[in-house]
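The values are calculated or read from the model by the stated rules, or taken from the named source; none is laboratory data. These figures come from a predicted structure and were not determined experimentally. Here the Cβ positions follow ideal geometry from the backbone for every residue, glycine too, while neighbour counts run over all protein chains shown.
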Amino acid sequence: MVWFFCYLSLMVAMLYRAFQLSPGLSFWGGYLLLWCAAIGRMISIRQLGLAFSEFIRVEKDQPLVDTGIYAYVRHPLHYFLMLEMVAMAWLAGFLWGWGVVGVAMITLVFREVQEERALVRAYGDRYRRYRQRALALIDLLPPACRE
């Protein structure tokens, strides 16, 4: 929920700022990043199919999605969401926007840790093997914080 309010505040700031500036190279770079991230997020949701949920849950007999973009990256939705927020902070041009991005990133990392725990409980060794070949942001955390 925290990331949603961060996302919303960045969206409002970006739209406010967009009507004040004449578009330059920086604007178009941020705009391109925003669209690429949004498209990446839509592709990730499509590849998840019925396994997509806003909540952390694994249904009985739910398949482990480890193909497509998920073959290389765990939780790509989080990455694309973070990239969208970075683009919005860039386009908004307000210093506080980067603080909002920081809060959202910390929130998403905590969510990623919770998702990892749920997926290990649901899929066990199969998920642990998948985790060895697909990267995630939480791989940067100390091992004790990951599970």
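Results, tabulated for the structure shown:
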{"quantity": "Meets criteria (among the β-branched types (Val, Ile, Thr), more than 18 Å from Gln114 (Cα to Cα) and at pLDDT 75 or above) for Ile45", "calculated": "yes"}
{"quantity": "Only listed residue being under 30 Å from Ser9 (Cβ atoms) and at pLDDT below 85, chosen from Leu77, Leu140, Leu50, Leu83", "calculated": "Leu140"}
{"quantity": "Those helices (runs of 4 or more DSSP H) lying entirely in the range 53-137 with at least 3 residues surrounded by fewer than 16 Cβ atoms within 10 Å (Cβ to Cβ)", "calculated": "95-123, 125-133"}
{"quantity": "Qualifying residues in the range 67-112 (those that are without any contact (Cβ under 8 Å) to a residue 12 or more places away in the chain and of a type in the set (Gly, Ala, Ser)) - the one farthest from Arg131 (Cα to Cα)", "calculated": "Gly99"}
{"quantity": "Single match in Ser26, Ser22, Ser9 (criterion: assigned to a loop (DSSP other than H, G, I, E, B) and modelled with pLDDT under 90)", "calculated": "Ser22"}
{"quantity": "Output for the range 49-72, where each listed residue is of a type in the set (A, V, I, L, M) and within 13 Å of Tyr127 (Cα to Cα)", "calculated": "Val58, Leu64, Val65, Ala71"}
